[in-house]
Structures are given as C-alpha cells and as structure tokens.
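Any read-out appearing in this document is the output of simple, stated calculations on the displayed coordinates, not a laboratory observation. As the structure is a prediction and not an experimental result, all values here were calculated from the model.
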Amino acid sequence: MDIHQVSATYLQEQDRILVRINTQHGEEMRLWFTRRLVLGLWPSLNRAVAHAAEFATRAASGPGTQHNPDAQRMLGEFQRDAALQKADFKTPYKASATPSLPLGDEPLLVTEVRITPKTTGALQIEFVEKLSNGQPPRGFQVELVGTLIHGLIHLLEQALGHSQWRKAPQSAADAETEPARAEGDGRPRYLN
C-alpha cells in the first residue's frame, strides 16, 4: 500500500478517533479507534516503535555491534525528531470527492491491532474488525517506515490530547470534597 496521507481526528460526538489513510492510488481506509483500544494499544505501539528503531540501528551498524540502552533511547528520540521535522503536518488532509473505499462506506471499528517490527526498521500493522453480530471479520495491513511511523504516533498523540482519555476520571465523592478554584482570585471555593 503506497500511503499518501494519514489523518487522526477525535470526534467528540462519537467519543472515538477517526483515522483516515489515503493512498497514491486514490483509496481511502477509514478506521474507528475507541478509548479502550487506544489506551491498551498506546504502550505496545510505543514499544514497537522503539524496537523498530533498534532493528534499524543494528542493521545499519552491522552484526555483533554492542548497543548501550541509553544511547539507543537517545538515538530513537533523535530519529523521531528528525522524522517529525521532515513530516508535513501543515497540508490539510485531502479526501477525494469520490474516494475508492476498499473497506466499505462505514469505517472499520478496530477491535484488534497486530504490530510486527521488521528487521528493516519498518512496522507492519494489521487492523482487524471482529464484531459479534455474525458479520465476517474485515481488516487490512500496512507497512510503515520512518516518517510515517512517527507521523502516525504524533497524530494519535494529538488526538489523544483532544480526547482527554488519559486523564483519570474523578469520582463524585472526590468532586464534592475537593475545593474548587474560583476563576481569577486563586482562592479555594467550596461546593455545598
């Protein structure tokens, strides 16, 4: 699959992240990411990106070379920063007026993600929808390299920020006993 653009947008009314991937050939894959999926996927995805960077570094330096974990982490951060500098986040996502939708009109409700770091430094990611309503599973896989890996992570991170899913929910009991701050004066204000 020859990826042209990727978009990740949090849609508050759906309480989901819509990920859209379009190809050089005018195909568009649409995916729904739920809160449960993203919060479970996030640590695994970041580990897989780190492993892919490690594989790429080892391939470049040759067999038998020893790698310091701190140096490896710093190199991974450098590669991420370099990839994000090359990425184009300013150009708006261009959806075709009549896109080819190989997965159908409805976005794929992703229930499973399989991530495989390749020895080349690429990530192979398979998105699967398995619903309990008797419909056959749908899905596809994509191989991401360099800028696309880090670009997808960056877009998902932005969508996560908009969703506020990573904030701990406050219990009703905590809300009643915790003093609220009045706007502007910085003094505590107590709720009855």
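A few comments on the model shown:
- ³J(HN,Hα) computed for each position of the range 155-166 - Karplus, 6.51 cos²θ - 1.76 cosθ + 1.60, integer Hz, glycine/proline x: 5, 5, 5, 5, 5, 4, x, 5, 6, 6, 5, 7
- Gain on full stretching of the segment that runs from R114 to D15 - 0.36 nm per residue minus C-alpha separation: 33.3 nm
- Karplus-based coupling profile of the range 6-22, in residue order and whole Hz: 10, 9, 9, 10, 7, 10, 4, 5, 9, 6, 9, 9, 9, 9, 10, 10, 10, with θ = phi - 60° in 6.51 cos²θ - 1.76 cosθ + 1.60 and x standing for Gly or Pro.
- Phi angles of the range 26-31 translate, via the Karplus equation with coefficients 6.51, -1.76, 1.60 and θ = phi - 60°, into HN-Hα couplings of x, 8, 10, 9, 10, 10 Hz per residue; Gly and Pro are given as x.
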